[in-house]
Structure formats: C-alpha cells, structure tokens
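This report concerns only the one structure given below.
The values are calculated or read from the model by the stated rules, or taken from the named source; none is laboratory data. The model shown is predicted, which means the values in this text are computed figures rather than measured ones. Don't worry about glycine lacking a Cβ; one is built from the backbone with ideal geometry, like all the others, and counts go over all protein chains shown. For accessibility, only protein heavy atoms count, side chains too; no ligands or nucleic acids. Shrake-Rupley method; radii C 1.70, N 1.55, O 1.52, S 1.80 Å.
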Amino acid sequence: MTALRNRGIRPALLVGFLFLIALAVAGCSSSKSQSFQFDANIFLQDLNPTSQGVLGALYVTIVISVIAQALGVALGVLAALGKMAHIAPFRVTANVYIWIFRGTPLLVQLAFLYYGVGAAHLWGWDPITINGFLIPGAIQAAMVILGVNEGAYMAEIIRAGIMAVDPGQTEAAKSLGMTYRLTMTRIVLPQAARVIIPPLGNEFNNMLKTTSLIFVLGVVETYNHYVIVQVNNFRPFEAYAACALWFLLLTTIWGFIQSRIEKRFARGTATGSSAIPGASWRARLFGNAATSSGLGGH
Amino acid sequence: MTTPNVSGNLLGAIGGVPRPETDVVVDARDVNKWFGRLHVLKDVCLQVKRQETVVVIGPSGSGKTTLIRCVNHLEKIQSGRIFVNGHLIGYREAPAGGIKVPIARRRNGKAPGATKLVEDKEKNIAQQRQEIGMVFQRFNLFPHMTALENIIEAPIHVRGASHDEAVAMGRALLERVGLAAKEHVYPNQLSGGQQQRIAIARALAMKPALMLFDEPTSALDPEMIGEVLEVMKELAREGMTMIVVSHEMGFAREVANRVVMMDDGVVVEEGTPDQVFSSPTQERTKAFLSKIL
Ligand SMILES: Nc1ncnc2c1ncn2[C@@H]1O[C@H](COP(=O)(O)OP(=O)(O)O)[C@@H](O)[C@H]1O
Ligand SMILES: [Mg+2]
C-alpha cells in the first residue's frame with residue numbers, strides 16, 4: 001500500500017507542476033488584453049536556478065527559516081513552562097510575551113524592532129562575525145524577530161503537548177527523586193514531542209512562506225530577489241510566477257520530509273495505542289483533515 | 001502461565017537490604033490535610049518500624065492514597081509532621097509568625113519555640129524522595145523507554161551511577177522479578193502484571209529505605225495479581241520496610257506485621273492481621289470487612 005503510494009509521488013508532482021505552468025501560459029496567451037504577451041523565455045530565465053542570485057536567495061530563505069524556527073521552539077518551550085509555572089512572575093512574563101507577539105502584526109514587529117529600535121539607539125543591530133562569516137544586522141534581526149514571533153505561537157502548541165502527557169508520568173519521575181528539570185527533559189518533553197511534532201511541521205511550512213516579509217528589512221531572500229528581477233526587466237508577471245513556483249517547491253519538499261519524520265517518530269516511540277500515526281504526504285500537501293492529526297494548525 | 005521466579009533474593013540485586021538510619025522509619029504525627037474544604041486526613045498518626053510491613057485498608061475515599069502520597073510529599077500537608085528516617089519530609093521548621101507579625105510586636109510576640117512549616121526547596125525534596133520508593137496503581141512506567149531503560153533511568157541521572165553499573169543492577173533486578181527476557185521490550189508490549197513487576201524493580205533500583213505501594217494489584221486482571229504479590233511478599237520477607245495500601249487479605253495475613261484501618265480520614269483501628277481481620281473492635285472495621293470478604 002505505502003509502496004504503491006510512494007511510487008506515485010513523483011509522477012503526480014511532475015504532472016502538477018507542468019499543469020501549473022501550462023495554465024499560466026494558456027491563461028495569458030488567450031488573454032483578451034492585446035497589450036500583454038506572456039514571455040516564456042523570460043519566465044524560464046527568471047526560474048532558472050543557475051541565473052544570478054536565485055540559489056543565494058533560496059539559501060537565505062531556508063537558513064533564516066530553520067534558525068528562526070529553532071529559536072521559536074526554544075522560546076516556545078520556555079514560554080510554555082512559564083505559563084504553567086507556580087511562580088506568578090514567570091506566568092505573567094510568559095503571558096505578556098505571548099499577548100504582545102500574537103497581538104501585533106509581524107510586519108509591524110519587524111519594522112519597529114529593526115528600524116524603530118535602531119533609530120532610538122536601543123540596539124544597533126551591528127554586523128557580527130561568527131567563524132569568519134559576516135552576519136549583517138538585517139539578517140540577525142530577521143532571524144531573531146521571526147524566531148521571537150514564532151515562539152509565541154509555539155508556546156501554545158508545546159503547552160498542549162505537555163498537557164497531553166499523563167500526570168502519572170510526572171509523579172513517577174518525582175517519586176524516583178528527579179528534579180523538575182530532569183522530569184521535564186527526560187520524561188515529559190520526550191513524550192510531549194509526539195504530540196508537538198505534527199503541528200511543528202505545519203509551523204515550519206508557514207515559516208518558509210512568512211520569511212518573504214523580511215524584504216522590509218532589505219534582506220534579499222527569495223521574494224525580494226524577484227522584486228529586484230521585475231524592477232530590472234519590467235516583467236512582474238513572469239518574475240512573481242517564478243517566485244511562487246519556488247516557494248511551492250520548498251513547501252512541497254518539506255511536506256515529504258515532514259511526513260517521513262512523523263512516521264519515523266511514531267514508530268520509534270513504540271507506544272502503540274497512544275502513538276500518533278505519521279500523516280501521509282497527501283495530508284501534508286493538501287491538508288486532508290481526515291488523516292492529519294488532531295492538534296495541528298491554528 | 002508464567003510463574004515469576006522470585007526465589008532468588010530480590011534485595012541481593014541491589015546489594016543487600018537498605019538499612020534505614022533509624023528504628024522508626026516512618027513517623028507521621030497529627031497529620032492534617034485538606035483538599036479545599038474537604039478534610040481528608042484528620043490528625044493521622046502512623047509509625048512504621050524498620051523492616052516492618054504495614055498494610056492499610058479502608059473504604060474508597062477514606063484517605064489511604066492521600067496518606068502515602070504525603071509520605072513522599074507528592075501532596076502537601078497543612079499541619080502535623082512526617083518524618084522518614086528521622087528527616088522531616090517536605091518542609092523545614094521556621095519561626096512561627098515570621099513576616100506576618102508586625103515589627104513592633106515581634107519581641108514579645110509568640111511563645112518561644114513555636115514554629116511553623118515552610119515548604120522545603122525543590123532540590124531537598126527530590127533528595128528525600130530518593131530514599132522512598134513508590135509503586136502506583138497504574139504502574140506509570142515511562143512508555144518511551146524499554147524495561148531496562150525504565151529501571152536504570154533514575155540510578156544514572158539521579159544517583160549518578162555509571163551506565164555499566166546501572167545496567168548490571170538493572171539486569172539483576174529484571175532477573176529477580178522473572179523478566180530477564182523482557183529487557184528490551186517497551187511497556188505497551190507487556191501485560192499489566194509484568195509492567196507492575198518492572199515498576200517495582202524501577203523503584204528498588206534507587207535502593208530505597210522505604211517502599212510505598214498504592215493498591216498495586218487493583219488495576220490487574222485476576223490471573224496477574226499473584227505474580228505481583230509474590231514479588232511483594234519476597235520483598236517483605238527479605239526485610240524491606242513497606243507501607244502497602246491493599247485489600248489482599250492473603251497477602252496481609254502472610255506478611256503484614258500490622259494492619260491499619262482507615263475511614264473518613266481517621267485511623268480507626270490498628271493491630272496484627274489476626275486482631276484486625278478476626279476480632280475487630282470497631283464497628284466501622286466490622287462493617288468494612290463484611291463488605292470485602
Ligand atoms: N487531588 C484531589 N483534589 C481534591 N480532592 C481529592 C484529591 N485527591 C483525593 N481527593 C479526595 O480526598 C478523599 C480521599 O481520597 P483518597 O486518598 O484517594 O482515598 P482512598 O485512596 O482511600 O480511596 C476523597 O474524598 C477524594 O475524593
Ligand atoms: Mg486510593
């Protein structure tokens with residue numbers, strides 16, 4: 001059954017992509033507007049990964065997404081534990097953080113924390129060098145702000161994951177003399193991970209697309225690359241179509257990776273009845289509610 | 001079916017009988033506990049001497065679970081003191097009144113020597129719990145770990161034992177509870193009786209001075225009760241100090257030094273198994289026994 005499905009993946013996708021391109025071409029050539037002609041050559045040139053800057057821009061998108069997501073998970077764990085803490089100041093801090101970052105637009109957060117805070121001389125976002133790599137301030141700001149924003153959303157996902165773990169597990173750990181820290185890292189979080197991983201994958205899918213907003217910081221990631229392309233060649237239709245296709249490719253590849261991770265994870269934990277079966281790649285790509293797990297999505 | 005081979009000595013696997021530091025291992029004095037407005041433990045006193053097995057019986061809701069959970073501070077108490085091995089559990093004594101007494105009255109405030117309980121630091125509580133093993137009604141094995149990993153987890157990460165040392169002890173314990181073949185098996189592939197035997201081995205691996213059992217066989221299918229009771233009897237015979245909440249009369253008659261009857265948060269009666277089961281003095285004990293026999 002799964003073997004058949006796997007064999008079907010690549011042809012299905014190929015057909016999908018060809019269909020999209022054909023649709024674009026057909027839609028334009030049969031357009032009533034005489035003034036516009038779709039230029040397949042320009043489109044293919046824009047799409048060509050060997051043309052100047054495309055791979056670099058994709059690399060920036062991927063690296064920033066991964067780092068921001070990792071930061072988001074770390075902050076999400078802290079915020080989730082903070083929300084559940086017995087000590088009131090921890091709870092208040094976590095709640096205020098979540099309230100602010102979920103309650104304001106990401107675009108405003110980016111502009112305020114980069115330009116606003118920079119102008120107020122509160123934080124300069126100066127370039128730093130790590131292992132000989134120069135990291136410009138705008139890229140640092142992009143990773144940090146996307147990560148902090150993501151942490152506010154991950155907090156709720158992680159909290160739900162922790163709450164899904166049987167309280168008897170915590171009691172057993174405590175009765176063996178484990179501290180809060182050991183109980184969390186060794187017993188509770190590894191079990192919560194099973195519940196957290198499917199929605200975490202969905203968050204990363206969002207993150208890949210959301211990075212396009214960091215063009216406001218002047219970072220040349222995939223979207224900004226195509227903004228520049230169409231400024232230079234006056235062909236926005238072709239440029240943004242190419243841009244959309246690249247993002248579609250990224251999220252599609254991620255969909256496959258995600259369903260693999262989920263399957264492996266469900267198998268590795270070997271807790272039969274309580275294990276969450278990995279969603280199929282179909283569910284990941286097309287959001288089939290019947291097969292995706294309960295806690296996913298917002 | 002499988003008859004667990006527990007004939008070898010269980011405590012030998014952990015290097016002999018852990019020797020409690022005091023003659024009286026558990027000393028609970030006038031313990032009071034409320035859940036909100038519900039008064040669950042009312043001036044409860046309980047003493048357990050070294051190598052004694054005490055069986056606690058009583059109707060559902062009488063406070064048996066709460067009492068043994070207070071002994072390792074899984075529940076807070078509102079007044080009284082619980083000592084294990086001579087150490088006050090979960091709290092430290094602080095001068096009574098403390099910050100609540102206005103500055104002007106501090107000098108001539110409270111009677112000298114009056115103290116109140118302040119909850120101890122998390123780290124100290126964790127340390128105290130290392131000496132107290134607990135076995136739960138629903139086993140609570142860690143589902144993401146194999147049988148052996150469940151057993152060696154705390155010795156390695158809490159006691160700081162080396163991996164090899166912990167594995168050697170873990171294997172010895174698995175063998176003594178008759179589950180040597182299940183070393184690499186995850187809990188969900190084990191029967192209830194097997195899981196509970198591993199839970200006992202997991203608690204023993206910390207070399208506790210005291211073991212607490214909360215109805216360890218009441219979630220088991222009847223055919224599995226025997227194998228768990230066998231392990232517990234063996235433990236009792238070898239000299240482990242234990243408090244067992246259980247209505248298994250056979251077990252109590254065979255190994256209990258004392259039976260404690262609780263009802264409505266009060267210790268109603270206590271005595272040898274024969275006294276309590278055969279000639280109870282209290283009406284409530286008689287009524288309860290007539291229901292479970
Ligand atoms: N966490 C809790 N919150 C509120 N009430 C509780 C809690 N745990 C137990 N109780 C109540 O305390 C009483 C004693 O419970 P328990 O110690 O579990 O009794 P037993 O083990 O003898 O059946 C019961 O009335 C029960 O409903
Ligand atoms: Mg109970």
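Counting only heavy atoms of protein chains, what accessible area per residue, in Å², does the range A:40-286 have with a probe of 1.4 Å?
Heavy-atom SASA per residue in the range A:40-286 reads 49 Å².
Near the amide H of A:Ala164, under 5 Å away, which other amide H atoms are found, from residues 5 or more places off or on another chain, if H is placed in the peptide plane?
none
Apply the a/c threshold of 1.5 to the C-alpha gyration tensor of chain B and tell me whether it is rounded, prolate or oblate.
Working: a/c = 2.16, a/b = 1.34, b/c = 1.61.
Taking the square roots of the gyration eigenvalues as a ≥ b ≥ c, chain B is oblate.
With only Lys, Arg, Asp and Glu charged, each at its Cβ (+1 for the first two, -1 for the last two), find how big the charge dipole of the protein assembly as shown is about the Cα centre; round to the nearest 20 debye.
My answer is approximately 940 debye.
Where does each of A:45-54, A:146-155, A:226-235 land if you order them by average Cβ count within 10 Å, highest first?
Packing proxy ranking, top to bottom: A:146-155, A:226-235, A:45-54.
Give me the percent of the accessible area of the protein assembly as shown that comes from carbon and sulfur atoms, probe 1.4 Å, all protein chains in place.
Ligands and nucleic acids excluded, carbon and sulfur give 59 percent.
Using the Cα centre of the protein assembly as shown as origin and beta-carbon charges of +1 (Lys, Arg) and -1 (Asp, Glu), tell me which of B:Ile152, B:Gln196, A:Leu249 is placed farthest towards the positive end of the dipole.
It is A:Leu249.
Skipping prolines and chain starts, which residues have an amide H placed within reach, meaning under 5 Å, of the one on B:Lys116, given they are 5 or more residues away or on another chain?
When sequence neighbours closer than 5 places are left aside, the close amide H contacts are B:Ala94, B:Ala96.
Report, as an integer, the average count of C-beta atoms from other chains found within 10 Å of each Cβ along B:135-143.
5
Can you give me the long-range amide H partners of A:Glu221? Hydrogens built in the peptide plane at 1.01 Å from N, cutoff under 5 Å, separation of 5 or more residues or another chain.
Amide H neighbours of A:Glu221, under 5 Å, 5+ apart: none.
Output ³J(HN,Hα) for the range A:147-158: one whole-Hz value per residue in order, computed from phi by the Karplus curve 6.51 cos²θ - 1.76 cosθ + 1.60 with θ = phi - 60°, and x for Gly and Pro.
x, 5, 4, 5, x, 5, 7, 5, 3, 5, 4, 6
Between the DSSP loop rule and a limit of at most 13 other Cβ atoms within 10 Å, which trypsin sites (Lys or Arg not before Pro) in the range B:253-288 are left?
none
Need the full-extension length gain, A:Val15 to A:Ala120, defined as separation in residues times 0.36 nm minus the C-alpha distance. One decimal, nm.
Taking A:Val15 through A:Ala120 to full extension adds about 32.5 nm, to one decimal.
For the range A:40-286, what is the charge dipole size about the Cα centre, in debye to the nearest 20, if Lys and Arg each add +1 at the Cβ and Asp and Glu each add -1 at the Cβ?
Details: 16 positive and 10 negative charges, 158 e Å.
My answer is approximately 760 debye.
Evaluate the Debye formula for the range B:180-223 with equal point scatterers sitting on the alpha carbons, no solvent, and hand back log10 of I(q)/I(0) at q = 0.30, 0.31, 0.34 Å⁻¹, in q order, two decimals.
These q points yield log10 I(q)/I(0) values of -1.15, -1.17, -1.24.
Hey, with R₀ at 45 Å, roughly what FRET efficiency would A:Phe234 and A:Arg181 work out to, going by the Cβ-Cβ distance, to 0.05?
FRET efficiency, A:Phe234 to A:Arg181: 0.15.
Among B:Arg19, B:Arg171, B:Arg92, whose mean-square fluctuation peaks in a Gaussian network model of chain B (Cα, cutoff 10 Å)?
Among B:Arg19, B:Arg171, B:Arg92, the largest mean-square fluctuation in the Gaussian network model of chain B belongs to B:Arg92.
Trypsin sites (Lys or Arg not before Pro) within the range B:113-162: which are DSSP loop residues with at most 12 other Cβ atoms inside 10 Å?
Values: sites: B:Lys116, B:Lys121, B:Lys123, B:Arg129, B:Arg138, B:Arg159; in loops: B:Lys121, B:Arg138, B:Arg159.
Sites meeting the loop and neighbour criteria: B:Lys121.
Ignoring everything but the protein chains, give the 1.4 Å probe accessible area of A:Leu44 in square angstrom, nearest 10.
100
Chains B and A: buried accessible surface, both sides, probe 1.4 Å, rounded to 100 Å²?
2000
Where in the range A:41-144 are there chymotrypsin sites (Phe, Trp or Tyr not before Pro) that are in a DSSP coil and have at most 15 other Cβ atoms within 10 angstrom of their Cβ?
Sites meeting the loop and neighbour criteria: A:Trp123.
When chain B is treated as a GNM, springs tying every alpha-carbon pair under 10 Å, which of B:Ala205, B:Ala126, B:Ala256 comes out with the largest mean-square fluctuation?
Result: B:Ala126 has the largest fluctuation of those listed.
If I stretch the segment between B:Asn32 and B:Arg81 completely, what's the gain in nm (0.36 nm per residue apart, minus their alpha carbon distance), one decimal?
16.7 nm
Per-residue Cβ counts within 10 Å, from other chains only, averaged over B:181-189: what number is that?
2
Go ahead and estimate [θ] at 222 nm for chain B from helices alone: -39,500 (n - 2.57) per DSSP H run with n ≥ 4, summed, over the residue count, rounded to 500.
Numbers: 9 runs with 94 residues, N = 293.
Helices in chain B give a 222 nm mean residue ellipticity of -9500 deg cm²/dmol.
Taking Cα atoms, how many degrees apart are the long axis of helix B:192-204 and the longest axis of chain B, rounded to 10 and kept between 0 and 90?
60
Go ahead and set up a Gaussian network model of chain B, Cα springs under 10 Å, then flag whichever of B:Leu67, B:Leu38, B:Leu46 fluctuates most.
Top of the fluctuation ranking is B:Leu38.
At 4 °C and a viscosity of 1.567 mPa s, what translational diffusion coefficient does Stokes-Einstein give for the protein assembly as shown, taking Rh as the Kirkwood radius over Cα pairs? Give it in µm²/s as a whole number.
Estimated via Stokes-Einstein, D reaches 45 µm²/s.
Run through the DSSP bridge list for the protein assembly as shown and note the antiparallel percent, rounded to the nearest 5.
Among the beta bridges of the protein assembly as shown, antiparallel pairing accounts for roughly 65 percent.
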